[in-house]
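In what follows, a structure is listed as structure tokens, so that the remarks can point back to it.
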Amino acid sequence: MSFSQRWLHRPQSTGMRKVIFQIHLWSGLILGLYIVAVCVSGSAIVFRNDVYNALQARLKVTPSGEPLSKEQLEQALQQRHPGYRIQDISRGRDGEEASEVTLVRPGAERIRLVNPYTGEDRGGPVSGWFRLFRWLGLLHGQLLWEDGGYVANGIGGLLLGAVSLTGLVIWWPGVANWRRAMTLRRGAGWKRLTWDLHGAMGFWTFSLLFMWGITGAYFVFPQPVRTVVEWFTPIYPPRPPSPPVLANVEPAASSGASAASRPRAPRRPLTLGQKILRSFSEAHYGTFGGWPIKTLWAMLGLVPAVLFGSAFVMWWNRVLSPVARGFRREIAEPSPQMNVSGD
């Protein structure tokens, strides 16, 4: 039987699959926590801009005269927070944002968002949300590593693509079983169910995980991709020829209209190359289909956590659990050289 026939019908018997299995196993275990951290944090920031817009709406105030003094703010807040006094006021930027006011009384503290001109209580503070999403963004983009995290994340994206490809090779069960390998078997034990869950989920999300890895690497190393795109279609359109300079035009006439009042040239449509490069960002962040796609992306970003968890359980059952059982038996059983008769 030739290699191609064995691969089609009995892929588990090929040496290549055994090698790729080991590569997939150990690369997945080593990179698993990194992939989970990047993907889960990516899910958390899918709606970051939408959350920012909502928070900015809560912060936005209309300036009306001078801001209230500390005593005037205390008086305005007494009805909702009786017995509290103002300990600190953090003013918003440019006088157009609400202030964060720290209220205290014996044994209690509250931080409220307050309109500095009217004393209106706008609820709890929002600065913590901004800090949280900034932290998640740094985790997703730079791994909280200011110096080399960006480059390391680009390399990690390429490795995620490689892990996805090796996983697809491992998933292939042969022509007789490929349909069954796409679903979960009924009535199977939990070990078999864990294997089926890992394989089926990996198959159905392969394209998405591979795309996330490659587009994430593109953000860090864009030039190779831009070179390939330029090979097929230009990214930037050629510049139109400059209009000839008329020598007999009076300077006063040419400068009669201000630059602000001159009509702007219409924006050029995107070239095919620019559309291709923009599609990488839209696909990575799920911004091409509105909130339904963003919601789907946020949910599917949790898949790597399930894949890593199921892979760890399988590795534990196959490798660590037998070793642990053997170690326990060695401890429980007396050594053959031990003299148990007491003579």
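Going through (1) surrounded by 15 or more Cβ atoms within 10 Å (Cβ to Cβ); (2) in contact with a strand residue (DSSP E or B) (Cβ under 7 Å, 6 or more places away or on another chain); (3) not in a helix (DSSP H, G or I) one by one, residue 83 falls short only on (1). Considered as a group, the residues in the stretch 86-107 that are within 41 Å of the chain's Cα centre (by Cα), farther than 18 Å from residue 128 by Cα and not acidic (Asp, Glu) include one that is surrounded by the most Cβ atoms within 10 Å (Cβ to Cβ), and that residue is 86. Among the residues of the stretch 108-117, not a single one is under 26 Å from residue 219 (Cβ atoms), surrounded by fewer than 17 Cβ atoms within 10 Å (Cβ to Cβ) and either touching a strand residue (DSSP E or B) at 6+ places or on another chain (Cβ under 6 Å) or not assigned by TED's automatic domain parsing to the domain that holds residue 284 (or both).
Let's see how each residue does on (1) in contact (Cβ under 8 Å) with a residue 24 or more places away in the chain; (2) under 24 Å from residue 163 (Cα atoms); (3) charged (D, E, K, R); (4) touching a Cys at 6+ places or on another chain (Cβ under 9 Å):
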position: 16; (1), (2), (3), (4): no, yes, no, no
position: 21; (1), (2), (3), (4): yes, yes, no, no
position: 43; (1), (2), (3), (4): yes, yes, no, no
position: 59; (1), (2), (3), (4): yes, no, no, no
position: 69; (1), (2), (3), (4): no, no, no, no
position: 77; (1), (2), (3), (4): yes, no, no, no
position: 85; (1), (2), (3), (4): no, no, yes, no
position: 95; (1), (2), (3), (4): yes, no, no, no
position: 102; (1), (2), (3), (4): no, no, no, no
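Table: residues versus (1) surrounded by fewer than 18 Cβ atoms within 10 Å (Cβ to Cβ); (2) without any contact (Cβ under 8 Å) to a residue 12 or more places away in the chain; (3) of a type outside the set (Gly, Ala, Ser).
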{"position": "171", "(1), (2), (3)": "no, no, yes"}
{"position": "179", "(1), (2), (3)": "yes, yes, yes"}
{"position": "184", "(1), (2), (3)": "yes, no, yes"}
{"position": "205", "(1), (2), (3)": "no, no, yes"}
{"position": "216", "(1), (2), (3)": "no, no, no"}
{"position": "221", "(1), (2), (3)": "yes, no, yes"}
{"position": "226", "(1), (2), (3)": "yes, no, yes"}
{"position": "237", "(1), (2), (3)": "yes, no, yes"}
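Within this structure, residue 70 passes the test of being over 30 Å from residue 299 (Cβ atoms) and either more than 40 Å from the chain's Cα centre (by Cα) or buried (at least 16 other Cβ atoms within 10 Å of the Cβ) (or both).
So that you can scan it fast, the table gives a plain yes or no per residue for (1) small (Gly, Ala, Ser); (2) in the same structural domain as residue 209 (by TED's automatic domain parsing):
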site	(1), (2)
29	no, yes
39	no, yes
44	yes, yes
57	yes, no
103	no, no
122	no, no
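Does the stretch 39-52 contain at least one residue that is in contact with a strand residue (DSSP E or B) (Cβ under 6 Å, 6 or more places away or on another chain) and more than 30 Å from residue 319 (Cβ to Cβ)? Within the stretch 39-52, not a single residue is in contact with a strand residue (DSSP E or B) (Cβ under 6 Å, 6 or more places away or on another chain) and more than 30 Å from residue 319 (Cβ to Cβ). Flag not set for residue 192, criterion: over 19 Å from residue 306 (Cα atoms), of a type outside the set (Phe, Trp, Tyr) and at pLDDT below 95.
The values are calculated or read from the model by the stated rules, or taken from the named source; none is laboratory data. No experiment lies behind these values; they were computed from the predicted model shown. Counting neighbours? That spans all protein chains shown, and the Cβs are built from the backbone with ideal geometry, glycine included.
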